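K.L.:
One structure follows; several queries about it will come next.
The numbers here are math on the coordinates, done by the rules we state, and not lab data. Computed from a predicted model, the values in this text were never measured in an experiment. Don't worry about glycine lacking a Cβ; one is built from the backbone with ideal geometry, like all the others, and counts go over all protein chains shown.
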Amino acid sequence: MEFEHDGHHVHLIELPTSSGRRWKFSVVVCWESEGIRRIRALSCIGRAFETAHNARMEGIEFTKRWIDEGKPAPHYP
């Protein structure tokens, strides 16, 4: 899925884990800063979700929070 948040273009996908029983997310965020196009990949490390929907919803919240907090170095809960 793709969405915009605070001037950032976000592309998020849900991926099955290697077992195929749970889901994770992967995100690419694009924005422009000081005339330069910036791109950052974020992913779900160490967490898995029961459904693709749950992974998507957590990915959306994680990404919005990351943008709203000023794009800090990724931290993994």
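K.L.:
Add +1 for every Lys or Arg and -1 for every Asp or Glu among the other residues with Cβ under 15 Å from the Cβ of Ser18, and state the total.
P.N.:
Numbers: positive: Arg21, Arg22, Lys24, Arg47; negative: Glu14.
Residues close to Ser18 contribute a combined charge of +3.
K.L.:
Here's another thing I want to ask about it. Largest first and to the nearest Å, give the Cα extent of the chain along each principal axis.
P.N.:
Each principal axis gives a Cα extent; for the chain these are 43, 23, 17 Å.
K.L.:
Starting from one equal scatterer on each C-alpha and no solvent at all, send me the Debye-based log10 I(q)/I(0) for the stretch 1-43 at q = 0.13, 0.14, 0.28 Å⁻¹, two decimals.
P.N.:
The computed values of log10 I(q)/I(0) come out as -0.35, -0.40, -0.94.
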